[in-house]
Amino acid sequence: MALGFVIVKLDEVTGDPAEYWDGSAFVADIDTADFIPTKPEARYVQGSTQAQDTSVDIVLREAESNIDLVP
C-alpha cells in the first residue's frame, strides 16, 4: 500500500471533502482522484489549484493507494 496525497476542494458549509483533483479538474468521484506520491509535488498542485480559485478552500489530504493485478 503506497502512501501519498490527494488534492481536495472542501464544502464551504461542512468543511468535508466535496470534490477531488483528477489532474485537470475537480470531480466528485474519489476513484478518479490524482494520487500524488510526494508531499512537495502535492503542495505545488494544491497551491496552483488554490491560486486559480480563491473563493473555496483547497487542501491536500493524506491517502493510500492499492494496486490490484488483474489475472
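Worth pointing out:
- Computed helical MRE - 222 nm, the chain, DSSP H runs ≥ 4 contributing -39500 (n - 2.57), nearest 500: -6500 deg cm²/dmol
- On the principal axes of its alpha-carbon atoms, the chain has extents of 45, 24, 20 Å, going from largest to smallest.
- Against the chain, whose longest principal axis is taken from its Cα atoms, helix 39-52 shows a tilt of about 40°.
- Stretch gain in nm, segment Ser48-Val70, where the contour uses 0.36 nm per residue and the Cα spacing is subtracted: 4.4 nm
- Each peptide in 48-60, 5-17 was scored by the mean count of other Cβ atoms within 10 Å over its residues; highest first, the order is 5-17, 48-60.
- Couplings 3J(HN,Hα) of the stretch 18-23, computed from phi: 10, 9, 10, 6, 9, x Hz, in residue order, whole Hz [Karplus 6.51 cos²θ - 1.76 cosθ + 1.60, θ = phi - 60°; x for Gly and Pro].
- Look at the dipole of the chain built from charges on Cβ: of Gly15, Gly47, Pro71, the Cα furthest out on the positive end belongs to Gly47.
The numbers here are math on the coordinates, done by the rules we state, and not lab data. These numbers were taken from a predicted model, which means no experiment stands behind them. Neighbour counts run over all protein chains shown; Cβ positions are idealised from the backbone, glycine included.
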